[in-house]
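Presented below is the structure to which this report refers.
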Amino acid sequence: MSAAAEAAGGVAGAPGAAAALRAEGVGKRYGDAVVLSDVAIELRGGRVDGLIGRNGAGKSTLVNVLTGRTPADAGTIAVGGAALSLRGPADALAAGVVAVPQELVMPLDMTVTEVVTFGAEPTRGAFLARRRADREVRELLASIGLDVDVRRRVSELPVSWQRVVLLAQALHRAARVLILDEPTAAMNAEDCQRVLAVVRRLRERGLAILYISHRFDEVEQLCDRVTVMADGRVVDAMEGDALTHARLVQAITGSEVEAERPARRTRGGAMANAPAPGDAVAPAGASAPADAPALTATALRGAKLDGVDLRVAAGEIVGVAGLPGSGVEELFLQLAGHERPAGGSVAVGERRLTSMRAAKRLGVSFLPASRAAAALTSEPVLENLALPALEQCGRRGFVTPAAIRRRAGEVVERLSLRPVAERRMGQLSGGNQQRVLVGAKLLAQPRFLLLEDPTVGVDVAARAELHALLWSLADEGFGCLVGSSDAEELLELCDRVAVFRRGRIVASFAAAEASEQKLVAAMTGDVAAPAAHQ
């Protein structure tokens, strides 16, 4: 029987069959950092198991261990009752453990048949059996409810169909255990339902499915059991009547979160954990007058944005919270002039922002989440600091080291970067890299800072330093828009938080009056939203 035919007839057999994965005592560390500790999880045929947890909880590392991409330091893994020795991804595939990643990694110029059969193409002698391949893929897709011309190029399909094509690829490889990482992250409601319907069909046919998602409404309606991870451990599990949206939110946020949240900045500059006066970091003269212009988005539309109104005033820190695919990423690109809106407008005061050049002229500076995209890691700190202002560091087209030192010197002193100023960016810690990148933006003398996940990958101490920096900048008159997937951080850092879901602002909170539970609930499910969206 071909792999496709076997898939169409039920790869894993009836629910509860031996196509289950059991992991026990799984551990993994990198140096002194423990990323997985005594993790146990069991996936059963005919069941969808959810896996949830904050960023950094250990979910990705666990998936990498289960699929052979990362060797475990401790523990055992068995599939169908047989112990599995994983020396690499090929061993996991041979055992029927297949992961479909969050990012759609496939050659979009290939046909549906070519993608589904990639690496396991049917042959006749030394030649590809194209008609047989088309027939197998057509039957396989029909078995999971997708009617599509298998000779169409994948690039011509909606994103949800592209995702289903990858699911079909997993079935063609005779998957017994299917791991889905954020399968609906960048989809609208209609596309999500199409993918969820396919997942339900796969459950009915007996596959063991691990479903990883931050969208708790989907987890609640789809999963039979949910495992919760935090700090590399399994901290909770729920099923049946206990599996509710409220319980999911509580499991992620924890009951102690509100009591433990540190004191935060209040408008007007007062904060219980404020740095000493000499620690304030801001360019001289940045204080904004009362009539300073605001950065305003009006009825913004785009591939994922659906009529967004947002305003950031001088001296204000506004947070935006949303899951991947919610529209937050596109919002930053449009506000920074990197993308033109399909509708609506962006302005600073009365002046329209229509391009990256206009953004720079109007004082809007954007720092993306990826440090690799914003930094020259092989170059020294001073060059990275001066990068946004190189035209001011030379004469007659020549940039001199002395000019770079003069230009960057003030920021080096204010950010306490002198000990690392001569080192290369790639040699710095995440926190120091982030301080350098923020300092580089300050050299361009902006009015507004757009920051995506400004503390991603930095330790607790560096995060506190960056927060204090942003508070002092706001006190000096900067407007800051901060995007983060960490609800706790937004509540600690910001004056108010707007929550995005499916391209719209669905809730807006004064940070001092909100809770992490409210933000997570708004991001992950349909909740009643406070009226203020500005």
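The values are calculated or read from the model by the stated rules, or taken from the named source; none is laboratory data. Computed from a prediction, not measured in an experiment: that's the story for all the values here. Cβ: placed from backbone, ideal geometry, glycine included. Neighbour counts: every protein chain shown.
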Residue that is modelled with the lowest pLDDT, among those in region 38-64 that are more than 28 Å from residue 204 (Cβ to Cβ) and of a type in the set (A, V, I, L, M) | 57
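Quick grid of which residues meet (1) buried (at least 23 other Cβ atoms within 10 Å of the Cβ); (2) modelled with pLDDT of 95 or more; (3) in a loop (DSSP other than H, G, I, E, B):
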residue: 289; (1), (2), (3): no, no, yes
residue: 292; (1), (2), (3): no, no, yes
residue: 300; (1), (2), (3): yes, no, no
residue: 307; (1), (2), (3): no, no, no
residue: 315; (1), (2), (3): no, no, yes
residue: 325; (1), (2), (3): yes, no, yes
residue: 337; (1), (2), (3): no, no, yes
residue: 340; (1), (2), (3): no, no, yes
residue: 345; (1), (2), (3): no, no, no
For region 333-352, state whether one or more residues are touching an Asp or Glu at 6+ places or on another chain (Cβ under 9 Å), touching a residue at least 40 places away in the same chain (Cβ under 8 Å) and under 20 Å from residue 511 (Cβ atoms).
-> no
Identify, from the list 162, 193, the residue that is assigned by TED's automatic domain parsing to the domain that holds residue 98, in contact (Cβ under 8 Å) with a residue 12 or more places away in the chain, more than 21 Å from residue 132 (Cβ to Cβ) and surrounded by fewer than 24 Cβ atoms within 10 Å (Cβ to Cβ).
-> 162
Among the candidates 133, 92, single out the residue that is closer than 28 Å to residue 204 by Cβ, touching a helix residue (DSSP H, G or I) at 6+ places or on another chain (Cβ under 8 Å), at pLDDT 90 or above and part of a helix (DSSP H, G or I).
-> 92
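Let's see how each residue does on (1) touching a residue at least 60 places away in the same chain (Cβ under 8 Å); (2) basic (Lys, Arg):
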site	(1), (2)
54	yes, yes
67	yes, no
70	no, no
73	no, no
112	no, no
What is the number of the single condition among (1) crowded, with 16+ Cβ neighbours inside 10 Å; (2) free of Cβ contacts under 8 Å to residues at least 12 places away in the same chain; (3) not in a helix (DSSP H, G or I) that residue 85 does not meet?
-> (1)
May I ask you to list the residues in region 221-242 that are free of Cβ contacts under 8 Å to residues at least 60 places away in the same chain and either surrounded by 17 or more Cβ atoms within 10 Å (Cβ to Cβ) or under 19 Å from residue 177 (Cβ atoms) (or both)?
-> 236, 237, 238, 239
Quickly run through region 502-523 and pick out the residues that are charged (D, E, K, R), modelled with pLDDT of 85 or more and more than 20 Å from the chain's Cα centre (by Cα).
-> none
Out of 215, 138, 203, 173, which single residue is buried (at least 17 other Cβ atoms within 10 Å of the Cβ), under 24 Å from the mean Cα position of the chain (by Cα) and among the basic types (Lys, Arg)?
-> 215
Among the residues listed as 108, 62, the single one being in a loop (DSSP other than H, G, I, E, B) and among the hydrophobic types (A, V, I, L, M, F, W, C) = 108
Identify, from the list 204, 190, the residue that is on the phi < 0 side of the Ramachandran plot, of a type outside the set (A, V, I, L, M, F, W, C) and modelled with pLDDT of 85 or more.
-> 204
Restricted to region 44-67, and to residues that are under 14 Å from the mean Cα position of the chain (by Cα) and at positive phi, which residue is surrounded by the most Cβ atoms within 10 Å (Cβ to Cβ)?
-> 53
For region 512-524, does any single residue satisfy the condition of being surrounded by 21 or more Cβ atoms within 10 Å (Cβ to Cβ), assigned to a strand (DSSP E or B), outside the structural domain of residue 52 (by TED's automatic domain parsing) and of a type in the set (Gly, Ala, Ser)?
-> no
Selection count where residues are buried (at least 24 other Cβ atoms within 10 Å of the Cβ), touching a Pro at 6+ places or on another chain (Cβ under 9 Å) and part of a helix (DSSP H, G or I), scope region 474-492 | 0
Filtering region 496-521 down to residues that are in contact with a helix residue (DSSP H, G or I) (Cβ under 6 Å, 6 or more places away or on another chain) and closer than 15 Å to residue 471 by Cβ yields 496, 511
Which numbered condition residue 77 misses (of (1) part of a helix (DSSP H, G or I); (2) within 23 Å of residue 207 (Cα to Cα)) = (1)
